[in-house]
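Remarks on the structure that follows.
The values are calculated or read from the model by the stated rules, or taken from the named source; none is laboratory data. All values derive from a computational prediction rather than experimental measurement. Neighbour counts run over all protein chains shown; Cβ positions are idealised from the backbone, glycine included.
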């Protein structure tokens, strides 16, 4: 099966763009549902961090990026991978511990990277990818690449020292990086009310001379527009922007989560703000897509994810024989 | 070729200068490495020769500095990070241990991190417990890091050039007492490279094989000169990189001497010398041993301040002489 080509531009700019945005959000959701199902059936081990409910952010952001532009991602990173163009077969294969997985079975869900699509990797350490994104942006500046680096992280990461040190470095050197905080309300079980004395987390930018903007992270068009402006600013040498996308994860933090820290009413309330449903309303209202178009995108997404799972299942299990040789990159003669 | 007895600082600076000339992707970042010339003067005049883009002063943000270097290394650059004191690497451990060391392996080989982290290590300057540690054992215990400990200016230059060439993260631990000391060997002006992972036989003697790195190489050499007068002859082996660790010369030497002594400045508990012992007693040399293995290490204490306390906490020349003599004399 093939991965749809990346599409650059506003999700509402054309029928093609609208279809692409909807298809990609739907692919992310179906992918996460498939992962949850595979875990539930005992076919995957380890853990998983699902991004259901947060699909607008990766899709809106990546529609503002060229292939050469880079991203760093988080433990909740499946959506970022897919939106940047990763091959879902290799993603599922990785989760299943197969040789043909992105990491050859050595990394799993939290360590998928895809150099060809500019994905410098998910990260199992909260905030760990933020300084790395800043370093990649320094590379871009020093090598005059003209590219931008997107640093995805969650609300929890904003209380890590890594965020603060990296934000300051990016600002003093005016690096082409965009900091994207996907504020889904909770760092594991700690709500942002408990973890911050701030109404808008984007106000943290002020302390570093970085403009900060908070917006509806479930509105893919708003996400695109804010990212597009921040990317333009970064590429023109004006430095970083901090974007806070307010969103919500429908599922638990990981598979051990019993949702003791929030109510069912709260979760249901957020389900009415579903980013996919929201986008469907907008495209129908504007006459961009028909109900049949919409159904077709969901059908395609389901078909692609099922095909990816079936294909990935055929892979060979990763072989421990290669482990020792994989620690260091060989020194070329 | 004229006499070129450089200090380790000068030799390191020459290596960096060669690398900066050879490769446009090399740059240096760290605290006070620019106009100031580095906390120990190692970067010296490089700022004036290569400019502020490539000799990049940073705020005091060790985690941010190392993380930025990791990201730059992933995207085509070849950063050399200077951390003023190795103790401060504790501030940057996530980026060293969880990121730099693991990325190549963890993501399946598609990315690599050609990064050198140079830092000043060891005691002897009266800087006390937070500016004097020898942390090589920490790093050697993390798969994915190479750990280099140069013992002289000549060694430092050749090893640093190899470290910069290496496509993997290299922790380069420079003993601060060696920075200002002129070496006994000439340091060639141009580029030369000492491969990582190859031990050096520093001197040969029939009675005892000593394994030591860094400043302890200097101290064992001084001890060996004294012991020569007593007719006790020492072989000294400097692994130069403790990860990866080349044990072959140690095994070869033990076949001749039958006696092993290991020396380090770091606290004994959990130290790298214990790995040397373990490989000897579980490996091909066990049958060659004619004496119990002996080790000499720092006390299991934080490095204290007062000069007499500081000296007492780590092996000195006289400690080495005494312990080496004992093992040879008692196990004739």
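Of all the residues in the range A:81-104, those that are within 8 Å of chain B (Cβ to nearest Cβ) and in contact with a strand residue (DSSP E or B) (Cβ under 7 Å, 6 or more places away or on another chain) number 1. Candidates in the range A:316-332 are the residues that are in a loop (DSSP other than H, G, I, E, B) and at the interface with chain B (Cβ under 7 Å from one of its Cβ atoms); of these, the one that is farthest from residue A:90 (Cα to Cα) is A:331. Those helices (runs of 4 or more DSSP H) of the range B:245-332 in which at least 1 residues are within 27 Å of residue B:144 (Cα to Cα), considering only elements entirely within it, cover B:248-257, B:272-282. Every condition in (1) within 28 Å of residue B:21 (Cα to Cα); (2) part of a helix (DSSP H, G or I) is met by residue B:139 except one, and the failing one is (1).
With the structure loaded, tell me whether residue B:4 is more than 24 Å from residue B:100 (Cα to Cα), within 24 Å of the chain's Cα centre (by Cα) and surrounded by fewer than 24 Cβ atoms within 10 Å (Cβ to Cβ) or whether it fails that test. Criteria met by residue B:4.
Residue by residue, here is whether (1) within 14 Å of chain A (Cβ to nearest Cβ); (2) buried (at least 24 other Cβ atoms within 10 Å of the Cβ); (3) assigned to a loop (DSSP other than H, G, I, E, B) holds:
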residue	(1), (2), (3)
B:24	yes, no, yes
B:37	no, no, yes
B:69	yes, yes, no
B:84	no, no, no
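Restricting to the range A:112-132, give me the number of residues that are more than 14 Å from the chain's Cα centre (by Cα), assigned to a helix (DSSP H, G or I) and buried (at least 24 other Cβ atoms within 10 Å of the Cβ). Residues that pass the stated criteria total 2. For the range A:152-169, the count of residues that are assigned to a strand (DSSP E or B) and within 13 Å of chain B (Cβ to nearest Cβ) is nonzero. Applying the selection to the range A:191-210, what residues are out of contact with any helix residue (DSSP H, G or I) (no Cβ under 7 Å at 6 or more places or on another chain), surrounded by 15 or more Cβ atoms within 10 Å (Cβ to Cβ) and within 26 Å of residue A:257 (Cα to Cα)? Within the range A:191-210, just A:196 meets the criteria. Of the residues making up the range A:240-251, not one is within 21 Å of residue A:158 (Cβ to Cβ) and surrounded by fewer than 21 Cβ atoms within 10 Å (Cβ to Cβ). Just one residue in the set A:10, A:45 is part of a loop (DSSP other than H, G, I, E, B), touching a residue at least 60 places away in the same chain (Cβ under 8 Å) and farther than 14 Å from residue A:280 by Cα; that residue is A:10. Taking (1) buried (at least 23 other Cβ atoms within 10 Å of the Cβ); (2) closer than 18 Å to residue B:173 by Cα; (3) more than 10 Å from chain A (Cβ to nearest Cβ) in turn, residue B:41 satisfies each apart from (1). Every listed requirement among (1) away from chain A (no Cβ under 14 Å); (2) within 30 Å of residue A:122 (Cβ to Cβ); (3) part of a loop (DSSP other than H, G, I, E, B) is met by residue B:144 save one, (1). Taken over the range B:115-136, residues that are assigned to a loop (DSSP other than H, G, I, E, B) and under 18 Å from the mean Cα position of the chain (by Cα) amount to 10. Here residue A:108 meets each of (1) farther than 17 Å from residue A:32 by Cβ; (2) crowded, with 22+ Cβ neighbours inside 10 Å; (3) modelled with pLDDT under 95 with one exception, condition (1).
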